[in-house]
Every structure is written in structure tokens, then in C-alpha cells.
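So that we are looking at the same thing, I have put the structure below in C-alpha cells.
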Amino acid sequence: MIAFLQNLIDAVSLGSIYALTALGIGLLFGILRLINFAHGDYITIGAYALIVPSADVTARLMIGELPLVVMTPLICLIVVVVALLSDVLVFRPLRRASSPTLMIASFAVSYIIQNGVMMFYGARPKAVDLWSGANTQILIGDLRVPMLQLIILVVTLVLMAALTLFLRKTPYGIQMRAAAEDFRMATYLGVRGNLVIGLAFAISGILAAAVSLLYTTQSGSLSHTMGLPLALFAFVAVVVGGMGSLVGAVVGGFAIGIIVTMLQAYLPPELRAFRDAFAFAFVILVLLVRPAGLVPSRTTFERV
Amino acid sequence: MRKLLYALLGSVVTLLPLQPARAADEITLGMAVAFSGWMEAYDGEATKMAQLWIEEQNAKGGVLGKKIKVITADTKTDRVEGAKAGKQLVDEGADMLLVSADYDYGAPAALQAQKAGIISVFIGASDPKAGVLGVGPLSFTANNAAQLEGAVMAEWGYEKKGLRKGYMLVDETLEYNKSACAGYEWMLPLKKGELVGQDSFKSQDATISSQVTRLAEAIRNKGVDHVMLCSANPAAASALRQLRAAGVSIPVLSATAMDGTYWVNSVPGLKDFYLPVQALVKDDPRPDVSALTAAFEKKYGKPPTTQYAYPIYAFLQMWAAAATKAGTTDSKAVVAVLNEMSDFPTVIGPRSFAPKLHVQTRNPMFVVSYDGDKETSVGEWTITQPIPDPVLYRLKK
């Protein structure tokens, strides 16, 4: 029983980091029908922004050394600027392009960011020690509850709630939802399309920056491809949860985290290497039963 | 007139590569390695070390009275480009080819050399396939087999640290990691140690929390007294950070891939962490190695980051001795001498080759211990039994 509870805690904590990433990808998809694979690279940028830009093998913290209240907004700002730049330079000229074209463009953005990071910082992975104070645990009997996982979970839930409130209660949020529902109609009615989309990119940048900080605290290492697997699993989470639904993205993130962790914990050793294959088989199963995802979005329903 | 000019220019350009680049009184050494892309971080220092050896050797009069000339081609961390780079250097008349430090990335260039009957050497691959089996009889690797690293740690841990009950944590992403752990898994029972459990992860995994949970249980219930972590950075540093953060404080052994101190910021207060190296970048007990490090630092402004810079220097020493003995740089003649070399004294210790084994499998290694950002030698270790072929080629699982 203790072992199962422990696995559940591990699963939820992995799920929350996927959920946070999925939230950023899901938001952009909801508004722009853009599957942004560069989202993982926004995370990479946020993590590398912590250190002094140099190709030296030993990384030195720069922004990462500042107090929390200064560092967090600064990192968010940097990632938001990168996200907005990718919109202005790449996605805005492609506004009328089809979804597949946008997706391919996002691959290109991802590739450019990765190689840019490699040019400025070198290819050797970097090591940073960010907030190691958060890497402690609370012991409840034999149960180990990592402090950092609690933090990640709380941040995920808070950001999801804040985003939902923003979308429901603020004028910009309402414009954003209108744009998500029917972009052309919304613009006819006076919604400024580029502003709304820019706003969505900025928010996805903030979400990516949050993942950067939390994930770097957990792993302590940076590499130019660090965001890639996160974005991949988060994308799957968005699909499982229901494309275009924010709650769906979060639910999907937790579902993927739980499936992967439980498979890792309970598969026999010789099958563990194929864990991801089992996980994706489960995803296919979910989609066969619920093609629109676990929490289908009303707006995407009729379009697909 | 303009047309004529273009035609002339065109013919000059097309004729250029056909000019014989090779003078009879020179030896041409080709370097088909990554000068760009992510492999550059790993190829770069060994390539610089090779340049340093060539400079020193030329200052001493070269090999067989001939100066050594270097030609290079960038593999761009790409296997297809690697084959092209290899072909290009072979065509330009290379007498020997240095290729990338990894079997997968170096083999395409090495195969070009093998096809042309030219000796090739991987500047740091630890896969025994990087040689006779994977490329051909004229191919070598400057490095030791990854299995040796695992075996050294198992035996040293048993004898020197009294470590009896092991737990293997393997990052399945790289063959290197699996090979290092295969060596550990082979040696531990030979010493009457016990492998209590094992688990795997992938370097892309966002967390290894469920692996930590299983390990913590094995420590609590089955008396595991050390962990063998077979992984490479960045995953390795991240795994170690997560292990220590979860309160796993027993000794952790690892393989050479984690050498260097560039990653220790990932694990605050690092201690009880050990791995084997062929040379120490800082404070190597051997004066010759320290002198070499100093020469490297003088030429390039900073010392090597890891021990992977050194093996190619040792190989080039062996190659020069073999060429001198054979009286020629002809690849087949040199390889015949290299194949017979046993315990040849190189700057980093005795090295041997055999006709079927072009990788080091029994050289002494220094075990280093970490204390924060300090990496210090805690003694030299040579394994007491030769690694059998099924372990070296991981034939059974």
C-alpha cells in the first residue's frame, strides 16, 4: 500500500510538469490551431537565460543568482520576448496558412532555437544549482513527499486557475475565447486578431518560463534539447485531454504522467525498456474510445 | 570575353582538387571529426591533443624523418557527412585517418579508410566494435572498452570500499551505458558480490522518481550498499541530483563518461561518488601527464575538460613507434606491428593491442573520488581477470 501511494505521488508530480507544459501548448492550439513544437525550446531558452551566456564548460549563474522576486519576472520576460519574436517573425506571416504548414514552421523555429543555443552556449550540457533548498522531502512514515513536487503541483494548479479566470472574466480573455471560437467572425466584430494572438504567445511564454525554473530545479542540468521530450509528451497530453480544451490539457498531462510512472513501476524489468511503447498504446486506446479526447472542447468538436 | 573568363575560372576551379596534395617527404594525417554540431564538444579536445602531439613530433624531426602534415574535414556531427569527410581525406592522400569519438558517428569515415586500405583510429570510442569487428582489421580505437570501466568499479569497490550489495541503474539511451554496466554485472559476482536489483531509465525522462522509489525500497529492505549508475550527461548529473535529493546517501559508482567537474554544480554537496579514468586533468600523480596537461594549457589557454583528450596522444605514440619499427607508414605494415604491441609504455600507462582486439580491455585505471568540485585520485586499479568476449560484445543478456 505504501509502495502504491509512493508511486502515486511520483506519478502526480511527473503529471504536473507535463500538465504545465501542456497548458502552454493547449492554449496556442485553442486560439491559433497551431501545434507549437517550439514550446519545448521556449523552456530551454528560459533555463539557459539563468546563466552567463558563454561557451565555457562550467556554467555560472547570472540571472539565476538574483532573488526569486526579481529572477522569476526576468526569466518570464525573456521567454515572452522570444515567444513574441517567433510569432512576429514566423507565425504572423503565416496567419492564413493551414495547420500543417504552421506545425512545420514550428519545427523550424524549434530547430533554429536549438542550434542558436548550441552556438552561444556550446553543445556540452551545463550544470546549474537552482534552488536546491527546494529539493528536500517531507517524510510521512515511510512515505516520501518531495517538497519540489508539491511546489510544481501548486504552481500548475494556480496557473491553470489564473488562466481560466483570465479567459472568463477579463475583456482580453473574452476576446481570446471569441477568437478561439471563430477567428474571422471575431475580427469582424472588432477583436484585434494580432493582439489577441500575441497575448496568447506571451502567456504561453510565461507558462514555459515557469516550467524552465521548476524543471531546472529538479534536474540541475541544461542541454540544448532539454525541452524537446517535455514538449513531445505535453503534445500527446493535449491530444489525450482534448485538443483546444485547457482543462483537457491539464487532465491529459496528469494522465500521461500517471500512465508513464505506473508502467515504470509495475512493468516487469525486461519490458521496462518498452515503457513508452506501452504508454502510447494506451493513448491510442483512449483515442479509439474517445476520439475527441478525455475532456473535449466544444469549439474544436465540429471542426474536426 | 566575359564568357571566356568564366570558362577559364571554371576550369581552374574544377582542376584544383586534382592537384596532388602530397609531397613524398611528408606524412599526411587526416582528421575527419566533428568541428561543428554537438559532437564538437566531445571531439574537440582530443583533436587538439592530436594536433599538440603532431607539433611536438615535428619539432623532434617527425616520424621516419618525415614531417607530419594535417588535413581536416568536418563531419558536422552527421553520419552521412562523416562518410563524405572520410572519402574526401582519403582522396586527398591521408596516410592515417582520425575519426569521431563515438562508434556510430566515427564509423562512416573509418569505413572509407578501411575501404582504401588505410589505418583509422576513433579518437575516443569505447565500443569494442570500433575496430576489427565493426569496421575492419585496419581500424583501432584510442580508448578503453566501456566494460572495463564497470569491471574496475565493481572490483575496486569490493576490495577497497567493502561494497558487497550492488544496485544497477542503467540509462538505456546509449549503448555505452549498457556496456559499462555489463562489465560491472560480470565482475561483481566473480568477487562474490551480489547484484541485488537493477532498474533502467531514459535520458529524456523528465524525472526518475519511480526508479528512486524502487531503489529506496531495496536499500531499506535488502541492504543495498552501493549504486552503479551507468549514464552520461546531462541525464547522469540530473539522476544523481535526484538520488541525493531523495536522501539516497550510499556510495554511487559510475563510468568514465561522468569525468570532469563541469557538471558538479548539479549536485550540491557531492560526495561518495567514484569513477575510473585513464588520466586526471588536474593533479595526475604521473609527472609526464601533468607536463602534457601543462603543454595543452599553454597552447590552447585552458587544460582539457575531461580525460577523453588523452587516449589519442597515447595511440599516436604507439603508431609512431610502430611506423618506426616497420620502417614505413604503409598501413598494413604498421598495423602488423601494432597488433603485436603488448604493454607498450605510453604517457598514460601501458597499452596493448592484439590482431582481433583493437581496444584497451585491461589497462590500469585511476579511480577518482569527488568532494564537491574536487576530483582526486584514490588509487590505481587493474582488473584481475581478462574480460571474456561474450561480455565485451554483449552477446548474451
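The values are calculated or read from the model by the stated rules, or taken from the named source; none is laboratory data. In this text, all values refer to a predicted model and were calculated from it rather than measured experimentally. No Cβ is skipped: glycine too gets one built from the backbone with ideal geometry, and neighbour counts run over all protein chains shown.
Return the total of residues in the stretch B:299-330 being surrounded by fewer than 18 Cβ atoms within 10 Å (Cβ to Cβ) and touching a Lys or Arg at 6+ places or on another chain (Cβ under 6 Å).
Of the residues in that region, 1 qualify.
The rows are residues; the columns are (1) assigned to a helix (DSSP H, G or I); (2) touching a residue at least 12 places away in the same chain (Cβ under 8 Å); (3) in contact with a Lys or Arg (Cβ under 8 Å, 6 or more places away or on another chain).
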position	(1), (2), (3)
A:Ala59	no, yes, yes
A:Gly64	yes, yes, no
A:Pro73	yes, no, no
A:Ile78	yes, yes, no
A:Leu85	yes, no, no
A:Leu89	yes, no, no
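Residue-by-condition table, conditions (1) basic (Lys, Arg); (2) within 14 Å of another protein chain (Cβ to nearest Cβ):
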{"site": "B:Arg220", "(1), (2)": "yes, yes"}
{"site": "B:Ser254", "(1), (2)": "no, no"}
{"site": "B:Asp259", "(1), (2)": "no, yes"}
{"site": "B:Val289", "(1), (2)": "no, no"}
{"site": "B:Lys298", "(1), (2)": "yes, no"}
{"site": "B:Ala314", "(1), (2)": "no, no"}
{"site": "B:Ala333", "(1), (2)": "no, no"}
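Please give the number of the condition A:Tyr188 fails out of (1) crowded, with 18+ Cβ neighbours inside 10 Å; (2) more than 13 Å from the chain's Cα centre (by Cα).
Among (1) crowded, with 18+ Cβ neighbours inside 10 Å; (2) more than 13 Å from the chain's Cα centre (by Cα), A:Tyr188 violates only (1).
This table checks each residue for (1) among the basic types (Lys, Arg); (2) facing another protein chain (nearest Cβ under 7 Å); (3) closer than 25 Å to A:Ala55 by Cα.
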position: A:Met103; (1), (2), (3): no, no, no
position: A:Ala108; (1), (2), (3): no, no, yes
position: A:Gln114; (1), (2), (3): no, no, yes
position: A:Met118; (1), (2), (3): no, yes, yes
position: A:Lys126; (1), (2), (3): yes, no, yes
position: A:Ser132; (1), (2), (3): no, yes, yes
position: A:Leu139; (1), (2), (3): no, no, no
position: A:Arg144; (1), (2), (3): yes, yes, no
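Pairs please, first residue from the stretch B:32-49 and without any contact (Cβ under 8 Å) to a residue 24 or more places away in the chain, second anywhere and aromatic (Phe, Trp, Tyr) and part of a loop (DSSP other than H, G, I, E, B), Cβ atoms under 8 Å, 6+ apart in sequence or on different chains.
From residues that are without any contact (Cβ under 8 Å) to a residue 24 or more places away in the chain, the pairs are B:Gly44/B:Phe35.
With respect to the numbered conditions (1) of a type in the set (Gly, Ala, Ser); (2) at the interface with chain A (Cβ under 8 Å from one of its Cβ atoms); (3) within 24 Å of B:Ser179 (Cα to Cα), which one is the sole condition not fulfilled by B:Ala236?
(2)
What number of residues within the stretch A:106-130 satisfy the criterion of being farther than 12 Å from A:His224 by Cβ and outside any helix (DSSP H, G or I)? Give the steps one after another, and end with the answer.
Residues of the stretch A:106-130 that are farther than 12 Å from A:His224 by Cβ, as a first pass: A:106-109, A:127-130.
When the remaining residues are screened for being outside any helix (DSSP H, G or I), the result is A:127-130.
Residues meeting the conditions: 4.
Name the residue, out of B:Pro350, B:Pro390, B:Pro345, that is free of Cβ contacts under 8 Å to residues at least 12 places away in the same chain, over 30 Å from A:Ala55 (Cβ atoms) and part of a strand (DSSP E or B). Steps first, answer last, please.
Working: B:Pro350 fails: free of Cβ contacts under 8 Å to residues at least 12 places away in the same chain; B:Pro390 fails: part of a strand (DSSP E or B).
The conditions single out B:Pro345.
Here are the criteria: (1) surrounded by fewer than 20 Cβ atoms within 10 Å (Cβ to Cβ); (2) within 12 Å of chain A (Cβ to nearest Cβ); (3) free of Cβ contacts under 8 Å to residues at least 60 places away in the same chain. Tell me which single one B:Gly269 does not satisfy.
Condition not satisfied by B:Gly269: (3).
Now for a separate question. State which residue is modelled with the highest pLDDT when the search covers only the stretch B:120-131 and only residues that are assigned to a loop (DSSP other than H, G, I, E, B) and surrounded by 24 or more Cβ atoms within 10 Å (Cβ to Cβ).
Among those that are assigned to a loop (DSSP other than H, G, I, E, B) and surrounded by 24 or more Cβ atoms within 10 Å (Cβ to Cβ), it is B:Ile123.
Which of the residues belonging to the stretch A:177-194 are small (Gly, Ala, Ser) and assigned to a helix (DSSP H, G or I)? First the steps, then the outcome.
Taking the stretch A:177-194 first, the residues small (Gly, Ala, Ser) are A:178-180, A:186, A:190, A:193.
Listed by number, the residues that qualify are A:Ala178, A:Ala179, A:Ala180, A:Ala186, A:Gly193.
So which of B:Met228, B:Met187 ends up being buried (at least 22 other Cβ atoms within 10 Å of the Cβ), aliphatic (A, V, I, L, M) and farther than 29 Å from A:Gln218 by Cα? Before the answer, list the steps.
Numbers: B:Met228 fails: farther than 29 Å from A:Gln218 by Cα.
After ruling out the rest, the residue left standing is B:Met187.
Taking B:Val227 as meeting all but one of (1) away from chain A (no Cβ under 14 Å); (2) at pLDDT below 95, write down the number of the exception.
Here B:Val227 meets the rest and fails (2).
Right, next: Picking from A:Val238, A:Val283, which residue would you name as being crowded, with 19+ Cβ neighbours inside 10 Å, out of contact with any Cys (no Cβ under 9 Å at 6 or more places or on another chain) and touching a residue at least 24 places away in the same chain (Cβ under 8 Å)? Spell out the reasoning first.
Working: A:Val283 fails: crowded, with 19+ Cβ neighbours inside 10 Å.
Residue meeting the stated conditions: A:Val238.
Looking at the stretch B:272-287, is at least one residue within 18 Å of B:Leu98 (Cβ to Cβ) and hydrophobic (A, V, I, L, M, F, W, C)? Reasoning before the result, please.
As a first pass, look at the stretch B:272-287 and keep what is within 18 Å of B:Leu98 (Cβ to Cβ): B:278.
From the residues that got through so far, the ones that are hydrophobic (A, V, I, L, M, F, W, C) too are none.
No: the stretch B:272-287 contains no residue that is within 18 Å of B:Leu98 (Cβ to Cβ) and hydrophobic (A, V, I, L, M, F, W, C).
Yes/no per residue for (1) in contact with a helix residue (DSSP H, G or I) (Cβ under 7 Å, 6 or more places away or on another chain); (2) surrounded by fewer than 21 Cβ atoms within 10 Å (Cβ to Cβ); (3) in contact (Cβ under 8 Å) with a residue 40 or more places away in the chain:
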residue: A:Phe4; (1), (2), (3): no, yes, no
residue: A:Asp10; (1), (2), (3): yes, no, yes
residue: A:Thr21; (1), (2), (3): yes, no, yes
residue: A:Asp56; (1), (2), (3): no, yes, yes
residue: A:Ser99; (1), (2), (3): no, yes, yes
residue: A:Ile104; (1), (2), (3): no, yes, no
residue: A:Phe107; (1), (2), (3): no, yes, yes
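Still on this structure, I have one more. Looking at the stretch B:231-245, can you tell me whether even one residue there is in contact with a helix residue (DSSP H, G or I) (Cβ under 6 Å, 6 or more places away or on another chain), over 18 Å from B:Lys165 (Cα atoms), touching a residue at least 60 places away in the same chain (Cβ under 8 Å) and not small (Gly, Ala, Ser)?
So far as the stretch B:231-245 goes, no, none of its residues is in contact with a helix residue (DSSP H, G or I) (Cβ under 6 Å, 6 or more places away or on another chain), over 18 Å from B:Lys165 (Cα atoms), touching a residue at least 60 places away in the same chain (Cβ under 8 Å) and not small (Gly, Ala, Ser).
Just one of (1) out of contact with any Asp or Glu (no Cβ under 9 Å at 6 or more places or on another chain); (2) over 30 Å from B:Thr261 (Cα atoms); (3) buried (at least 24 other Cβ atoms within 10 Å of the Cβ) trips up A:Ala210, so point out which.
(2)
Please find, within the stretch B:353-378, the residue that is farthest from B:Gly124 (Cα to Cα) out of those that are among the β-branched types (Val, Ile, Thr) and in a strand (DSSP E or B). First the steps, then the outcome.
So the first thing to find is which residues in the stretch B:353-378 are among the β-branched types (Val, Ile, Thr), and the list is B:359, B:361, B:367-368, B:376, B:378.
With the extra rule that they be in a strand (DSSP E or B), the set shrinks to B:367-368, B:376, B:378.
Numbers: B:Val367: 19, B:Val368: 20, B:Thr376: 22, B:Val378: 24 Å.
Among residues in the stretch B:353-378 that are among the β-branched types (Val, Ile, Thr) and in a strand (DSSP E or B), the one farthest from B:Gly124 (Cα to Cα) is B:Val378.
Can we say A:Ile256 is among the β-branched types (Val, Ile, Thr) and away from chain B (no Cβ under 14 Å)? Steps first, please.
Values: among the β-branched types (Val, Ile, Thr): yes; away from chain B (no Cβ under 14 Å): no.
Answer is no for this residue.
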